[in-house]
Amino acid sequence: MTKHCNLNVNSGFKKRTVFNRTAFNRLEKANKALSYDTRRMQNARIMLEKIRVQIEKNKGGEEKKLKKLEAQKTRIEKKISEQNAADQRIKLGKIAEKKSAIETAHGERARNLSKNLKELVEKMNMLVKRIEKDHAEVEKWEKRFNDTPLYEIEPEMDHTMTNFKILLENSIFYTKSSFFDDKIGTEMLFRVFITHHGDPEILDGGKKYRFKLNKFDNKGHMRKAKKACKRFNEKHIRTSDGILLEMAVKR
């Protein structure tokens, strides 16, 4: 019955409103994602401010050191005379080296801070899109949870389906015992015989219907089918309006 007739589910019509667990769980998940991405954005803003402060600090520190060196250079240039010109020029050379080292160090630091700033801005732009998506997801599942009721069906016995089930099972038992001596299983009965194709013939001006089954490839199945048809015909089965039914196998 479950395999061949699809009548294994009793239906029902009563329903009751129940808590929409699916929508609630999805709403919780969406809210968690929104909270997580919001915290990430807040942390990114704090880090952005720190990087900007470091950039200004680095720039100010470089300017302060270079200004100090320029003052020293100016004082040394004033002291240059014919007697000590060589010594003063050596000092100027050292100042130039210090200036170059300061510019190099602060320039490298400025490049690193600029790189970190760029990466952080890209991350924040990505977070803006994620937060927008999170908001949309929260609104979607809030609406589903609040506006879409969820019902649970109360199963009721469908007596029509139950009667079909009983009728089918009794027919199977009757067919196996009457025409096949109970020597085949239900699976073979359906697979080999009940679903086997054939053609109907109308005889005697509509007083007789003969169903001619196609030939069987398996000789054993052929013998069983012929024997079953013979037993069927011996019973002289008629419909409710008196039409005689016959079974045969094509040669």
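The values are calculated or read from the model by the stated rules, or taken from the named source; none is laboratory data. Nothing here was measured: the structure is a model prediction, and the numbers come from that model. Note that we place each Cβ from the backbone using ideal geometry, even for glycine, and neighbour counts take in every protein chain shown.
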- [ ] Looking for whichever is of a type in the set (Val, Ile, Thr) and at pLDDT below 90 here; the options are 153, 243, 237, 202. Which one fits?
- [x] 153
Open item on the list: With the requirement that a residue be out of contact with any helix residue (DSSP H, G or I) (no Cβ under 6 Å at 6 or more places or on another chain) and touching a residue at least 12 places away in the same chain (Cβ under 8 Å), what does the range 48-65 give you?
Closed with: 52, 59, 61
Task: Failed condition for residue 216, given (1) surrounded by 10 or more Cβ atoms within 10 Å (Cβ to Cβ); (2) in a loop (DSSP other than H, G, I, E, B); (3) out of contact with any helix residue (DSSP H, G or I) (no Cβ under 8 Å at 6 or more places or on another chain) - done: (3)
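Find the residue count for the range 11-38, including only residues that are surrounded by 11 or more Cβ atoms within 10 Å (Cβ to Cβ) and either at pLDDT 90 or above or assigned to a helix (DSSP H, G or I) (or both). Break it down into steps so the answer makes sense when it comes.
Filtering the range 11-38 down to residues surrounded by 11 or more Cβ atoms within 10 Å (Cβ to Cβ) leaves 11-12, 15, 20, 22-38.
From what's left, either at pLDDT 90 or above or assigned to a helix (DSSP H, G or I) (or both): 22-38.
So the answer is 17.
Do we have residue 78 as part of a helix (DSSP H, G or I), closer than 30 Å to residue 103 by Cα and either of a type in the set (Asp, Glu) or modelled with pLDDT under 80 (or both) here?
Working: part of a helix (DSSP H, G or I): yes; closer than 30 Å to residue 103 by Cα: yes; either of a type in the set (Asp, Glu) or modelled with pLDDT under 80 (or both): yes.
Against the criterion (part of a helix (DSSP H, G or I), closer than 30 Å to residue 103 by Cα and either of a type in the set (Asp, Glu) or modelled with pLDDT under 80 (or both)), residue 78 qualifies.
Got at least one residue in the range 232-245 being within 22 Å of residue 183 (Cα to Cα), β-branched (Val, Ile, Thr) and in contact with a Leu (Cβ under 8 Å, 6 or more places away or on another chain)?
First, the residues of the range 232-245 that are within 22 Å of residue 183 (Cα to Cα): 232-235.
Now restrict to residues that are β-branched (Val, Ile, Thr): none.
There is no residue in the range 232-245 that is within 22 Å of residue 183 (Cα to Cα), β-branched (Val, Ile, Thr) and in contact with a Leu (Cβ under 8 Å, 6 or more places away or on another chain).
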Open item on the list: Name the residue that is farthest from residue 227 (Cα to Cα), counting only residues in the range 173-192 that are crowded, with 16+ Cβ neighbours inside 10 Å and of a type in the set (Ser, Thr, Tyr).
Closed with: 186
Open item on the list: Restricting to the range 219-251, count the residues that are surrounded by fewer than 16 Cβ atoms within 10 Å (Cβ to Cβ), assigned to a helix (DSSP H, G or I) and in contact (Cβ under 8 Å) with a residue 12 or more places away in the chain.
Closed with: 5
